[in-house]
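The next block holds one structure in the form of structure tokens; read it before the comments.
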Amino acid sequence: MDETKLIKRMLASQAFAASEGLRDLLDFLYENKHRKLSAADIEDEHFGRPVGSLNHDPGRSRVRISDLKIHLEKYRKEAPEDELICTMPNSSRSEGYQLHFETPEKALTATQRFWHPHLGMAEDVLVICGSHLFFFQPNGNIILRYYDFNVDEGNPETLKALKAAHPEGYAPTLEPWHNPYLSTGDVQAYESLMRWFHQESGVLIPRFTAREVFDRKIHNSSPILIGRPATNKFIAKILDSPKAAHLAYRIDSSRGAVTVANVRASERASLSRYPMTQLGVVGPVPKREAVFGIVTRMRNPSGYGHVTIIVSDYYAMVNAKIAEALTNEKQTKVLLDRMELPPDSDLPESFEMLFSITLSPGNLEGEGHPELLCWRTYPTT
């Protein structure tokens, strides 16, 4: 919409319908939009009361300008969808009055609000998934992997650690193999994030496994970490650091369980349908009918940007479903509304969200939508 079309819409609007005088004044000011007009100029040129005449009263013109400002605001409320705004700034230092046109700032969408710290530096975003250790047994053409064993050392050290952790599977002929394997859940989580960031920023964010990235690269990036602490070393390291000491939600050592530190009354109520110990260990859910996932946001420990962590335990599709929800406008809005965050403000500097996802809902294959069980937010420190 150009300025002329906007003025015509305003002159024909309900906001100006009852005041022919203000319509004429707006029309006059638009015709003279390229210069500043003092109250005396308006008295002379618009109202026909020249300087020196008995009727010349700049104060009266200032009152009419004030009335015009009120009606400009009324029109703005009447047509909030307009892509152009017309305002009348105050006359500073008696410099005069002049209409001002500007494009309004559009409110961020729900997904833009959620990913705003990363979106603002999209070229620095890295998606880092877990790295999985396998063992190859040449004699039997066998590939072996232990879910709870994922060290990243040299071959002799790795085999020694395997012998200590799983003597039943150890053999001196095993060959440690860091296969660039990605779980389906990690792949789908990355694809949801990649599509959303490309749509919003035009940037194709890259994906790496944790073994492909050196620690120092995290310092100058805005990473999104996906997986679980046992397979993604950056999740483990950051969550174990003093910078993450304020966080309460963690994957528990018991398979299928999470730990909530210093459980609040509201959290205990939200989690009441799940097994929970007095120490805040939640789950595992009987018959594995539901699994948990956690989303964590915090400042990058280096001080550069933020880190977002999407983590689950044994069922990687949880990560995919959470990433899908957080890149879907309707689902993200529901989540932010549930957290009762002010709609026009930035998200807290740090927060965490605990989700539950039903497996095979209604006896149908697949996973349900993530249900936000509880959350915590933390102020800027």
Of all residues making up segment 157-174, the number that are under 10 Å from Phe135 (Cβ atoms) and either open to solvent by 90 Å² or more (accessible area, probe 1.4 Å) or small (Gly, Ala, Ser) (or both): 2
Counted residues, segment 324-347 - those being among the hydroxyl-bearing types (Ser, Thr, Tyr) and free of Cβ contacts under 8 Å to residues at least 60 places away in the same chain: 1
Any helices (runs of 4 or more DSSP H) falling wholly within segment 178-246 and containing at least 1 residues that are more than 24 Å from Ala325 (Cα to Cα) and open to solvent by 60 Å² or more (accessible area, probe 1.4 Å): 215-219, 233-239
Count of residues meeting criterion [in a loop (DSSP other than H, G, I, E, B) and on the phi < 0 side of the Ramachandran plot] in segment 126-171: 23
Count of segment 126-149 residues which are open to solvent by less than 40 Å² (accessible area, probe 1.4 Å) and of a type outside the set (Phe, Trp, Tyr): 9
Pick from segment 298-310, criterion outside any strand (DSSP E or B) and hydroxyl-bearing (Ser, Thr, Tyr), ranking: most open to solvent (accessible area, probe 1.4 Å): Tyr304
Cross-chain or 6+ apart pairs with Cβ under 6 Å, segment 195-207 first and of a type outside the set (D, E, K, R), then assigned to a loop (DSSP other than H, G, I, E, B): Trp196/Thr327; Phe197/Val203; Phe197/Ile205; His198/Leu204
Tally of residues being open to solvent by 50 Å² or more (accessible area, probe 1.4 Å) and either within 30 Å of Pro223 (Cβ to Cβ) or modelled with pLDDT of 95 or more (or both) across segment 278-297: 1
Listing of helices (runs of 4 or more DSSP H) fully contained in segment 23-125 that carry 3 or more residues being free of Cβ contacts under 8 Å to residues at least 40 places away in the same chain and open to solvent by less than 40 Å² (accessible area, probe 1.4 Å): 58-78
Residue list for segment 315-364, filter: outside any strand (DSSP E or B), in contact with a Gly (Cβ under 7 Å, 6 or more places away or on another chain) and surrounded by 15 or more Cβ atoms within 10 Å (Cβ to Cβ): Ala316, Met317, Val318, Asn319, Ala320, Ile322
Residue list for segment 12-22, restricted to those being part of a helix (DSSP H, G or I) and either surrounded by 12 or more Cβ atoms within 10 Å (Cβ to Cβ) or not charged (D, E, K, R) (or both): Gln14, Ala15, Phe16, Ala17, Gly21, Leu22
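The values are calculated or read from the model by the stated rules, or taken from the named source; none is laboratory data. Please read these numbers as outputs of a predicted model, since none were measured by experiment. FYI the Cβ positions are ideal-geometry reconstructions off the backbone, even for glycines, and counts take in every protein chain you see. What goes into the accessible areas is simple: the full protein's heavy atoms, side chains included, and nothing from ligands, DNA or RNA. Shrake-Rupley method; radii C 1.70, N 1.55, O 1.52, S 1.80 Å.
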